[in-house]
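First the structure, in the form of structure tokens, and then the observations on it.
Quick note: the coordinates plus some simple rules give every number you see, no bench work behind them. Since this is a predicted model, take the numbers as computed values, not measurements. Note that we place each Cβ from the backbone using ideal geometry, even for glycine, and neighbour counts take in every protein chain shown.
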Amino acid sequence: MARTALVTGGSRGIGAAISKALKAEGCNVAATFAGNEEAAAAFTAETGIATYKWNVADYDESKAGIEKVEADLGPIDIVVANAGITRDVPFHKMTPQQWHDVIDTNLTGVFNTVHPVWPGMRERKFGRVIVISSINGQKGQFAQVNYAATKAGDLGIVKSLAQEGARAGITANAICPGYIATEMVMAVPEKVRDSIIAQIPAGRLGEPEEIARCVTFLASDDAGFVNGSTISANGAQFFV
Ligand SMILES: NC(=O)c1ccc[n+]([C@@H]2O[C@H](COP(=O)([O-])OP(=O)(O)OC[C@H]3O[C@@H](n4cnc5c(N)ncnc54)[C@H](OP(=O)(O)O)[C@@H]3O)[C@@H](O)[C@H]2O)c1
């Protein structure tokens, strides 16, 4: 049976690789984006995957967007909360706005994405919730108090959802990528990027497809007993 999957931020970076991998597994996939229409249109033209625009930080927009996806593709079986942003700055310079932007998108955005699909998953006795956290939620990071707080929060979300959903056939798991070669990471100055790579025992950045393969495993029917867990995919940079 073809499953229906929703991937937030699914038109670029890690999310794009996830959307494509789920499609390759036979899923009907909806990918969302925030505002980069050009990238979304190019992604749909390349992959045939439908894209939808809404702001994950807004509950009403998310709920309405999810209703539209379900009207188009059917009930959502797999939800990948992947959309995320950074507003990096040392704590003493961090503004309340920079704090709230990241909390609203990365943390409240997960609530806004999962909460509307949760009742349907409970009724149908099947669901896969996958949240893209980060190595920096596990270990913290200079200039990322806001970001690390959200990514650590993701781990609390999936551990709690796992306990609530287990009897209803729903799993909730997180993936903590290390540094992956996406625009987010390629945007940092080359000198900084080189110093990041120097800290990765694998000696390289990860590829978005390496995260996507973790997602397809967690999303599969076969992964039903893997629940509340965190997969670290970081080239041996950090162990919990
Ligand atoms: N790259 C890494 O090394 C790395 C490492 C660990 C964790 N992560 C996490 O992995 C996830 C994906 O990262 P990435 O590097 O692939 O990011 P990216 O290339 O910057 O792509 C981010 C995606 O999220 C969407 N998005 C951002 N804010 C949104 C909002 N408010 N509402 C809806 N969509 C929104 C963007 O839409 P637009 O296209 O419209 O801008 C885009 O599709 C993030 O949660 C990030 O924290 C990344």
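Counting C-alpha atoms alone, how compact is region 4-232: give Rg to one decimal and Dmax as a whole number, in angstrom.
Every Cα atom of region 4-232 included, Rg and Dmax give 16.7, 51 Å.
For region 45-57, in order, what is each residue's ³J(HN,Hα) by Karplus, 6.51 cos²θ - 1.76 cosθ + 1.60 with θ = phi - 60°, in whole Hz (x at glycine and Pro)?
4, 6, 10, x, 7, 5, 10, 9, 9, 7, 9, 5, 6
Going by amide H atoms built from the backbone, whose H comes under 5 Å of the H on G206, apart from near neighbours?
Under 5 Å from the amide H of G206 lie the amide H atoms of Y179, I180, A181, each far enough along the sequence or on another chain.
Neighbour counts of other C-beta atoms within 10 Å: give me K63, K191, K68, K151 arranged from fewest to most.
In increasing order of surrounding Cβ atoms, one gets K191, K68, K63, K151.
State, as an integer percentage, the relative contact order of the chain based on alpha-carbon contacts under 8 Å between residues 6 or more apart.
Dividing the mean separation by the residue count of the chain yields 20 percent.
Please list, in order, the residues from region 136-164 whose amide nitrogen is less than 13 Å from a point placed 7 Å along the Cα→Cβ vector of W99.
It comes to 145-147, 149-150, nothing else.
Please list, in chain and number order, the residues 5+ apart from Y52 or on another chain whose amide H is under 5 Å from its amide H, with Hs placed from the backbone.
A31, T32, F33
What is the distance, in nm, between label points placed 7 Å from the Cα along the Cα-to-Cβ direction at F91 and at K159?
Result: 2.1 nm between the two label points.
In nm, to one decimal, how far is the K68 label point from the A233 one, both placed 7 Å along Cα→Cβ?
Reported label-point gap for K68 and A233 is 2.9 nm.
Excluding residues on the same chain fewer than 8 positions from K68, give the lysines whose Cα lies under 30 Å from its Cα.
Leaving aside lysines fewer than 8 places away in the same chain, those within reach of K68 are K20, K23, K53, K125, K151, K159.
Using a 10 angstrom cutoff on alpha carbons, build the Gaussian network for the chain and name the most mobile of A45, A149, A162.
Per the Cα network of the chain with a 10 Å cutoff, A45 tops the list.
Using modelled amide H (1.01 Å from N, peptide plane; none on Pro or chain starts), what sits under 5 Å from the amide H of I170, excluding residues fewer than 5 places away?
G127
Quick one: dipole size for region 4-232, taken about the Cα centre, charges +1 on Lys/Arg Cβ and -1 on Asp/Glu Cβ, in debye to the nearest 20. Walk me through the intermediate numbers first.
On the way: 20 positive and 25 negative charges, 115 e Å.
The dipole of region 4-232 has a size of about 560 debye.
Using 0.36 nm per residue, how much length does the chain from F111 to A143 gain when fully extended, once their Cα-Cα distance is taken away?
Difference between extended and current length: 9.1 nm.
Return the sequence-ordered ³J(HN,Hα) values of region 74-84 in whole Hz as given by the Karplus equation 6.51 cos²θ - 1.76 cosθ + 1.60 applied to θ = phi - 60°, using x for Gly and Pro.
x, x, 7, 9, 10, 10, 10, 7, 10, 4, x
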